[in-house]
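Structure first, then comments.
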Amino acid sequence: FHEFHQSEAQTEPSTARPTSKPQVSRVRGVFKHKKGYVAAVGVEYLVIRSRSLGKLDDAIDFHISLVQIKQLLITSHGNGIDFRSALTQAMGAVQSQLHASGFSRLHVVFELQCVWKEGQKHWHARDMEQAISLWETHASARSRLKHDTRRERLEKISRREDDKLRRKAQAEQCRTHRREQQAERFRCRAHRHEQQRAGAEQRRAHTREQREQRDAEKRKRAEKRKRAEDKERSRCSRQKAKQRFKARKQLRALICSAIQTTRSSWQKWLRQTWKVEELPDGVQLAKLRFENDCVCSVLTLQDGSSRHGPLRKSIREAETDLADLRALQRSTGDAAACTELEARDMQAMTAFFASRSDQKSRR
């Protein structure tokens, strides 16, 4: 229904003359036609359109009514009502609705599209009865054309399927022949490979036997060499053990001799310097001007740390300091003992520097 004829009043079937294609507006189903607008809907090869309308709004309203007619027609025809009655009921229902709303009745033009083998033909009329009669006249022709078209399509599909089956059978026969040839080649190749594998397996077995013999001989030689090496290693280890034992014995004797000599020298020095064999517990040597030129007491605190007492020139003074500090620590604690230790250290250093000053003044 995309073409319209220039003469709208023609009611007799006639050959359609070529017309210009109407311009399409932005609204679906509404077309620009000459100086106005046309609204149209199509259903079952029948186009229901309006006459040329001057305003686009009127064309849109007309198209809404046509869409209602189309929906009512499709619903009724789908429920089993014949096309004539369905179209008459739909037109009457919409006309009644418009009349009840105060609008004028619809003036429509019917176009019938018939598809023939030689082309597509158009008939149009303003009378609904005439349009329905034309539609019923050409409905059987459309049915026969549809049946013939379907039969030709099925015959074409059947011929195509037969050709496809024939080509498929020929291809399957060719594939079967190729598979047989390929199977024969595979059998020959498998037989050849089997012979090659048998020969290779014999060669590998012979090579494996020779390798096992060589490996057995190598293992025997290696075991013999290992036993000789173990024997030699055992002899060397015993000899080295004897040498180490002898060396340790000599080293022990030298160390004991050195310790005895050092101890004798130390005791001799203590006797000569401090008139004692060993330093008392809690007293150790210290340095004032030279190394080991004085002694001091060592006070052990409760947290395990130690504090050195004042430097003394005699062991008796250091023992006195240690006894006094230990007594003070037991009675009052570590803090008082540390304070007393610092005070005595300060007194000892003051006395030492005072004596040095007197000696210099005398000189």
>> With the structure loaded, tell me whether GLU317 is under 30 Å from ARG271 (Cβ atoms) and assigned to a helix (DSSP H, G or I) or whether it fails that test.
In response: yes
> Among the residues of segment 109-119, is there at least one that is at pLDDT 75 or above, among the aromatic types (Phe, Trp, Tyr) and surrounded by fewer than 16 Cβ atoms within 10 Å (Cβ to Cβ)?
Replying inline: no
> In the set LEU251, LEU299, LEU279, which member is surrounded by 13 or more Cβ atoms within 10 Å (Cβ to Cβ), more than 60 Å from the chain's Cα centre (by Cα), hydrophobic (A, V, I, L, M, F, W, C) and not in a strand (DSSP E or B)?
Replying inline: LEU279
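So, ASP57, is that one more than 20 Å from ALA93 (Cα to Cα) and in a helix (DSSP H, G or I) or not? Quick ask: steps written out before the conclusion?
Details: more than 20 Å from ALA93 (Cα to Cα): yes; in a helix (DSSP H, G or I): yes.
It is true that ASP57 is more than 20 Å from ALA93 (Cα to Cα) and in a helix (DSSP H, G or I).
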> Can you tell me which residue in segment 45-69 is surrounded by the most Cβ atoms within 10 Å (Cβ to Cβ), limited to those that are in contact with a strand residue (DSSP E or B) (Cβ under 8 Å, 6 or more places away or on another chain) and among the polar types (S, T, N, Q)?
Replying inline: SER50
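Report, by residue number, each residue of segment 334-363 that is more than 19 Å from HIS308 (Cβ to Cβ) and either in contact (Cβ under 8 Å) with a residue 40 or more places away in the chain or of a type outside the set (D, E, K, R) (or both).
Residues of segment 334-363 more than 19 Å from HIS308 (Cβ to Cβ): 354-363.
ALA354, SER355, SER357, GLN359, SER361, listed by residue number.
The values are calculated or read from the model by the stated rules, or taken from the named source; none is laboratory data. No experiment lies behind these values; they were computed from the predicted model shown. Note that each Cβ is placed from the backbone with ideal geometry, even for glycine, and that neighbours are counted across all protein chains shown.
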